[in-house]
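Engineer: Before anything else, here's the structure in question.
The values are calculated or read from the model by the stated rules, or taken from the named source; none is laboratory data. Computed from a predicted model, the values in this text were never measured in an experiment. Glycine gets a Cβ as well: all are built from the backbone with ideal geometry, and neighbour counts include every protein chain shown.
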Amino acid sequence: MISSTIQPRPERSLYMGCFAAPAIEQIRVAFIGMGRRAQHLSTLLAPMEGVSIVGICDIKPERTEEALSILHELAEPSATCYGKDELDYQRMLAELKPDAVFITVGWNHHATVACACMEAGAHAFVEVPLATSIKDLWQIVDSSEKHQRHCMMMENANYGRHELLFLNMVRLGLIGEPVHAEGAYIHDLRFTLTDDNRTESEWRTRHYLHRNGNLYPTHGLGSLSQYMNLGRGCDSFSHLVSMSSSSRGFGNYSSEHFPADHEWNSQPFACGDINTSIIQTCMGRSIMLQWDECSMRPYTRHNFIQGTRGILAGYPTRVISELLGAKEHDDWTQGEALEAIYKQYDHPLWKRLGARGEELAGKRARDYIMLSRIVHCLRRGEPLDQNVYEGAYWSSVAELSERSVAAAGEPASFPDFTRGDWRKTPGIIIHD
Ligand SMILES: NC(=O)c1ccc[n+]([C@@H]2O[C@H](COP(=O)([O-])OP(=O)(O)OC[C@H]3O[C@@H](n4cnc5c(N)ncnc54)[C@H](O)[C@@H]3O)[C@@H](O)[C@H]2O)c1
């Protein structure tokens, strides 16, 4: 078994499992990294009551200019622009002293920037994944505990209609006791390599060239972890085993679309087309998790949770439960028949905010709901829906799967980012 050692929590650092910060009536927000993701999130956030976007930072001036003009249209004239060099965000933190910072730079910068924000006194809201290495995840956990600032990895998939519906149904006991789950991020993103509007491929592709494992695990895993209350009270992450397929998709695409001397053709892509990991929890439950961004396959996050009395499954959504009257093992409720399920069991948060979210963000209504929850919790001084440890556990699958793949599928142990304290954190209930 490949395992990691854990240092004791330093003095004056606090366990952050149920952390609630003092309420902030008017939240002064800054953004670091004004790329595609930040443009979308800032547009949803700016009009919300109790939010002022005071600063935006990007090393590309055209990005801050574009964002600023959109914010002006949304009656948000007060944001100051930063970004004269890679470290200018530090000047922004010192000068503006924001309450909360949205960290929407590329993966390699997440840990350094998040720690700098917390050290400067701001709560950190970090895009997925929280960080790419276990060493960096520990730095983030330690910084959050030391400075007593929230550090939430913004797993927006957890706020999708079906994820909220399943969470609600699991909590109501409608599938009995959850014993197994399946999740994925299967999304053919090869086109981003050649799409000039998608600059994330400039940095993201480099990871796929050099690393082999599940490099983007959190969209599939976050909701399953919440259904099963992992890292909260009764159960947590124990270990995983992982295997990758051979690597073809990105290599074939690169040789068809880029010259032979281009970086993407400089060596074979390390990442297999599809990675499959199996996680065992401390209580002996199991999760199958897959990742594939380079195959001709329909989008799926699987979103599958199996209990002792029934199953909730995604893509397409289906429900079967003895407790809801199923008599045979293929007695699924699906298609139009799901309307009765939505009517009765849609999460109250979706019932309240779903229509407005769809109006503002279409399929990305989950982002509107996530941001609304963040603002609500900060303004009322309540714990957030995702604590720093959950972001760390979910993101650590990347390095753990890499280690297991490199060791022919040998089990790799999850670090206990809570240092044994996860038992103190109650199960997650997302309020409306
Ligand atoms: N949750 C989701 O659904 C979702 C979707 C897409 C992307 N993401 C995540 O969002 C993050 C950003 O992705 P993106 O697609 O917006 O990438 P992007 O490349 O479009 O944007 C990143 C921006 O960061 C800027 N930047 C880089 N270093 C900087 C520094 N030192 N200071 C200031 N700015 C800096 C770049 O100039 C760029 O504009 C990534 O972590 C990605 O994984 C999440």
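Engineer: I need every pair where a residue in region 86-100 that is under 19 Å from R149 (Cβ atoms) has its Cβ under 8 Å from the Cβ of a residue that is among the β-branched types (V, I, T) and within 11 Å of the ligand (Cβ to nearest atom), sequence separation at least 6 or different chains.
Structural biologist: Going by the 8 Å Cβ cut-off, the qualifying pairs are Y89/I32; Y89/V113; M92/I32.
Engineer: Being of a type in the set (D, E, K, R), surrounded by 14 or more Cβ atoms within 10 Å (Cβ to Cβ) and either more than 25 Å from E390 (Cα to Cα) or free of Cβ contacts under 8 Å to residues at least 60 places away in the same chain (or both) is true for just one of R63, R37. Which residue is that?
Structural biologist: Values: R37 fails: either more than 25 Å from E390 (Cα to Cα) or free of Cβ contacts under 8 Å to residues at least 60 places away in the same chain (or both).
Only one candidate qualifies: R63.
Engineer: Just wondering, is there one or more residues in region 157-175 that are within 21 Å of N387 (Cβ to Cβ) and within 10 Å of the ligand (Cβ to nearest atom)?
Structural biologist: Yes - at least one qualifying residue is present in region 157-175.
Engineer: Now for a different question. Going by the conditions given, is D273 within 22 Å of the chain's Cα centre (by Cα), of a type in the set (D, E) and in a loop (DSSP other than H, G, I, E, B)? Steps first, answer last, please.
Structural biologist: On the way: within 22 Å of the chain's Cα centre (by Cα): yes; of a type in the set (D, E): yes; in a loop (DSSP other than H, G, I, E, B): yes.
Yes.
Engineer: Just to check your reading of the model, which residue among D188, D195 is surrounded by fewer than 22 Cβ atoms within 10 Å (Cβ to Cβ), more than 16 Å from the chain's Cα centre (by Cα), under 24 Å from I274 (Cβ atoms) and free of Cβ contacts under 8 Å to residues at least 60 places away in the same chain?
Structural biologist: Details: D188 fails: free of Cβ contacts under 8 Å to residues at least 60 places away in the same chain.
Every option except D195 fails the conditions.
Engineer: Exactly one of (1) surrounded by 18 or more Cβ atoms within 10 Å (Cβ to Cβ); (2) within 10 Å of the ligand (Cβ to nearest atom) is unmet by E200. Its number?
Structural biologist: In the conditions (1) surrounded by 18 or more Cβ atoms within 10 Å (Cβ to Cβ); (2) within 10 Å of the ligand (Cβ to nearest atom), E200 misses (1) alone.
Engineer: Looking at V105, V126, can you tell me which residue is within 12 Å of the ligand (Cβ to nearest atom), touching a His at 6+ places or on another chain (Cβ under 8 Å) and at pLDDT 95 or above? So that I can check it myself, show each step before the final result.
Structural biologist: Values: V105 fails: touching a His at 6+ places or on another chain (Cβ under 8 Å).
Residue meeting the stated conditions: V126.
Engineer: Within the group R63, R149, R91, which residue is closer than 26 Å to A365 by Cβ, outside any strand (DSSP E or B) and at pLDDT 95 or above? Spell out how you get there, then give the answer.
Structural biologist: Numbers: R149 fails: closer than 26 Å to A365 by Cβ; R91 fails: closer than 26 Å to A365 by Cβ.
Exactly one of R63, R149, R91 is closer than 26 Å to A365 by Cβ, outside any strand (DSSP E or B) and at pLDDT 95 or above, namely R63.
Engineer: Specify which of the listed residues (H72, H110) is surrounded by fewer than 17 Cβ atoms within 10 Å (Cβ to Cβ) and either outside any loop (DSSP other than H, G, I, E, B) or touching a residue at least 60 places away in the same chain (Cβ under 8 Å) (or both). Outline the logic, then answer.
Structural biologist: Numbers: H110 fails: surrounded by fewer than 17 Cβ atoms within 10 Å (Cβ to Cβ).
Just one listed residue meets the conditions, H72.
Engineer: Still on this structure, I have one more. Inside region 187-226, can you point out the residues that are part of a helix (DSSP H, G or I) and among the acidic types (D, E)?
Structural biologist: Within region 187-226, E200, E202 meet the criteria.
Engineer: Scan region 121-139 and report the pairs whose first residue is farther than 16 Å from E200 by Cβ and not assigned by TED's automatic domain parsing to the domain that holds D385 and whose second residue is at pLDDT 95 or above and of a type in the set (S, T, Y), with Cβ atoms within less than 7 Å and a gap of 6+ or a chain change.
Structural biologist: L130/S395; A131/S395; I134/S396; L137/S395; L137/S396
One line per residue, one yes/no per condition, for (1) farther than 27 Å from A184 by Cβ; (2) in the same structural domain as L41 (by TED's automatic domain parsing); (3) touching a Gly at 6+ places or on another chain (Cβ under 9 Å):
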site	(1), (2), (3)
D346	no, no, yes
L371	no, no, no
V375	yes, no, yes
R380	yes, no, no
Y389	no, no, yes
A398	no, no, yes
T418	no, no, yes
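Engineer: So, one more: Considering only residues that are free of Cβ contacts under 8 Å to residues at least 40 places away in the same chain, under 21 Å from E95 (Cα atoms) and either of a type in the set (D, E, K, R) or more than 13 Å from the ligand (Cβ to nearest atom) (or both), which ones fall in region 47-60?
Structural biologist: Residues satisfying the conditions are S52, I53, D58, K60.
Engineer: Still on this structure: Of the conditions (1) closer than 19 Å to Q290 by Cβ; (2) touching a Pro at 6+ places or on another chain (Cβ under 7 Å), N212 satisfies every one except a single condition; which number is it?
Structural biologist: The number of the failed condition is (2).
Engineer: For region 373-432, name all the residues that are surrounded by 18 or more Cβ atoms within 10 Å (Cβ to Cβ), touching a Pro at 6+ places or on another chain (Cβ under 6 Å) and not aliphatic (A, V, I, L, M).
Structural biologist: Selection gives S395 alone.
Engineer: Can you pull out every residue in region 230-269 that is surrounded by 20 or more Cβ atoms within 10 Å (Cβ to Cβ), in contact (Cβ under 8 Å) with a residue 60 or more places away in the chain and among the small types (G, A, S)?
Structural biologist: G231, S236, S242, S244, S254
Engineer: Residue under question is L44, and the condition is that it be at pLDDT below 95, assigned to a helix (DSSP H, G or I) and within 14 Å of the ligand (Cβ to nearest atom); does it hold?
Structural biologist: Numbers: at pLDDT below 95: no; assigned to a helix (DSSP H, G or I): yes; within 14 Å of the ligand (Cβ to nearest atom): yes.
Considered against the rule, which asks whether it is at pLDDT below 95, assigned to a helix (DSSP H, G or I) and within 14 Å of the ligand (Cβ to nearest atom), L44 comes out as no.
Engineer: Follow-up. Could you list, in sequence order, the residues of region 136-166 that are over 16 Å from the mean Cα position of the chain (by Cα) and among the hydroxyl-bearing types (S, T, Y)?
Structural biologist: Of everything in region 136-166, those that are over 16 Å from the mean Cα position of the chain (by Cα) and among the hydroxyl-bearing types (S, T, Y) turn out to be S143, S144.
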